[in-house]
Amino acid sequence: MIAPRLHVLRYLRFVKNAGFWFAAALAATPCASVAAAAAATKPEPIKIGVYASLTGKEAVWGQSAEKATRLAVDDVNAAGGVLGRPLLAIIEDNQSKPGESVTAVRKLISRDKVIAILGEASSGRSLEAAPICQQARIPMISGGSNPKVTQVGNFIFRTHFIDPFQGTVMSRFAREKLGARRLALLTEVTNAYAVGLAKYFSADAAAHQTPILVEQKYSAGERDFKAQLTAIKAANVDAIFVPGYYTEAGLIVAQARELGLNLPVLGGDGWEGPQLLAIGGPALRDTYYCNNFSSESDVPETRRFIARYQARFQSMPGGTAADAYDAVLMLADAIKRADSTEPEKIRAALATTRGLRGVGGPLNVDANRDQLKPAYILGYNSGDYHLVQVIQP
Amino acid sequence: MSEFLQQLLNGLSLGAIYALIALGYTMVYGVLRFINFAHSDVFMVGAFIGYYLGKLVPEGTLWGGLLVLSGAMIGCALLGMFIERVVYRPLRHGPTLNVLITAIGVSLLLEYTGQIVFGAAPRTFPQIFPTANYHVGSLTISSNQVFVIGVAILLMIALQLIVFKTKIGTAMRAVSLNPKAAQLVGVNNNVVISFTFGLGSALAAAGGILYAMNYPSIDPLMGVMPGLKAFVAAILGGIGNIPGAALGGLLLGTVETFIGGSQFSTYKDAIAFAILIVILLFKPAGLLGKFTIEKV
């Protein structure tokens, strides 16, 4: 019985040795040296990881972010890259599902060895990915607006304004422009963004004697809001604030009008998406939302970005596209100033970003790693949303 | 008072859709003694057939809408019969648990095939029927709500007539009572079971279209929650009992709407399901179900 086993062992050793000699022979062949020469002339790309909702409920955001990221990376590379090396974006999909961003970001960090993570527009999913990046000490630039995202740690940055600002802006707009005194709230309770925004909106409304008389709630993916809206109707209010995503906002407004609730309905930047118009249609008359971007803005950087995005993708960019583009700009600028691709040095450079001219407004990182940017209030008028007011921070 | 009536109307129109789906669960259970979990995805396919057909007919016309509705019902009836023929029939004499697990498999197959074929992003359902809003006192009634309740009642009456007044309906009841004895007196069980699946799936398609008309955002996973609620409605009314499924659906829709409009809206599903548990504790066979001892 012992003899065959020894035989197997000997055979295994032979295989191992053969493998070693084969590899050594390969290294000595001319083809290997050609590859090395090519690597010398063509510098190794700097890998950045992107996670986005390319499919699923909020696919519109992920897809426009992906397009804008590619546009930005190509722009940076066309201008000679960063530190003489091209950028390479590795893009992963989280299917708009909770939990998937963690898997995607872990894969980007451990397998692809990216030096920074960009993403994403959803605060909830940014909050899932942020602790992973913080632990791995990899800088992350989110497009989310919830203040908790950057509070995760010193490696987390953002391109977007934050919800306390947005909530105050919308409450002020309801009070001063619409003259609303009695307010109602319809919040998506399963969404970190919506809960946060509702809180800041109510706080500002209460501070100005226009308190929230009725607050109703719904969960993500719900389609019937008539029960909540009927209760709001009974409370006899002047305006409704709906801090949620575009996927539900269209249905909410349409059902409100069906119930005869012809009041102004207000929302936050989560309303941005073509589906809102497709579902809501003319029912959206007298609705307003706040965004970080307007296609009617006259900032030259924004105009140039819109023209180039439209020429390449035949569609109109939105706020998520502008955020994704600016995230690449911010990162490229930080790598240049750090003169290194070491994550710790990039982090330090990101924290001192000042006066960078982004396509969605100036980029200035403050002490909390947040941004101060103007808010654009958009109102529905004959088939589309148009700029109503710009509010500076 | 007007708020109460408005909520009642909202609840009834939601419940009517649950009832239509619940009928399919209950009919298949009545005949085959198993829960067809793929039923909620047939509901989704119905909505998608409606979406594509809706692009072919002019929007907002009565005949166009009826064409879409009947097209989706026929399409889903064929799909239901196909699933039964290919998947469930070969397993019919196997243990019930195997068929149950297979039904879950078919459900996932339909959902994720849907994600590949239709895409995972939600789509906007076209307005296939003309719409209007009526005001009765302080009550606002939309034509969609009236339509949903009307179509659901018509289909339930038609179903009741089919089951109790036609030859095939008699055969269905015979198979449900005792499949072996039915076969002995000359009933072709395969035909009856195929017909049951076809009928149930057609009702699911109608439910899918009505649901999509009221909530015009459809995606391949849209069937999961309404399917679960309809399943609960079928149990609540007494599984295997057709009027019971209708009653269960209306009850669940109304309860859910009333809680949804109160300050406990976050607990909507929790309270609706807690009521289900309480009812089943006192009436284990459901509201209209008869408690029968399984014959071994």
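The values are calculated or read from the model by the stated rules, or taken from the named source; none is laboratory data. All of these numbers come straight from a predicted model, not from anything done at the bench. Cβ: placed from backbone, ideal geometry, glycine included. Neighbour counts: every protein chain shown.
Odds and ends about this structure:
- Tally of residues being surrounded by fewer than 19 Cβ atoms within 10 Å (Cβ to Cβ), aliphatic (A, V, I, L, M), closer than 22 Å to A:ILE252 by Cα and more than 14 Å from chain B (Cβ to nearest Cβ) across the stretch A:175-214: 1
- Checking A:ARG172 against (1) within 13 Å of chain B (Cβ to nearest Cβ); (2) in a helix (DSSP H, G or I), the condition it does not meet: (1)
- Any hit, the stretch B:227-248, residues being assigned to a helix (DSSP H, G or I) and more than 24 Å from B:MET27 (Cα to Cα): no
- Flag for B:ILE83 being surrounded by 21 or more Cβ atoms within 10 Å (Cβ to Cβ) and either more than 19 Å from B:ASN214 (Cβ to Cβ) or touching a strand residue (DSSP E or B) at 6+ places or on another chain (Cβ under 6 Å) (or both): yes
- Any chance B:GLY289 is out of contact with any Cys (no Cβ under 7 Å at 6 or more places or on another chain), more than 14 Å from every other protein chain (Cβ to nearest Cβ), at pLDDT below 90 and at positive phi: no
- Residues that are charged (D, E, K, R) and at positive phi, drawn from the stretch A:317-356: A:ASP339
- Every pair of residues 6+ apart whose Cβ atoms lie under 6 Å, when the first sits in the stretch B:185-201 and is farther than 13 Å from B:ARG85 by Cβ while the second is of a type in the set (Gly, Ala, Ser) and part of a helix (DSSP H, G or I): B:VAL187/B:ALA171; B:VAL187/B:ALA174; B:VAL192/B:ALA171; B:GLY200/B:GLY24
- Being touching a helix residue (DSSP H, G or I) at 6+ places or on another chain (Cβ under 8 Å), assigned to a helix (DSSP H, G or I) and closer than 28 Å to A:GLY379 by Cα is a condition met by at least one residue of the stretch A:156-163.
- Candidates B:ILE271, B:ILE209, B:ILE275, filtered to the one that is in a helix (DSSP H, G or I), among the aliphatic types (A, V, I, L, M), under 24 Å from B:PHE43 (Cα atoms) and touching a residue at least 12 places away in the same chain (Cβ under 8 Å): B:ILE209
- Candidates B:GLY249, B:GLY261, B:GLY253: the one that is away from chain A (no Cβ under 11 Å) and either buried (at least 20 other Cβ atoms within 10 Å of the Cβ) or in contact with a Ser or Thr (Cβ under 6 Å, 6 or more places away or on another chain) (or both) is B:GLY249.
- Any chance A:LEU372 is within 20 Å of the chain's Cα centre (by Cα), farther than 18 Å from A:GLY81 by Cα and of a type in the set (A, V, I, L, M, F, W, C): yes
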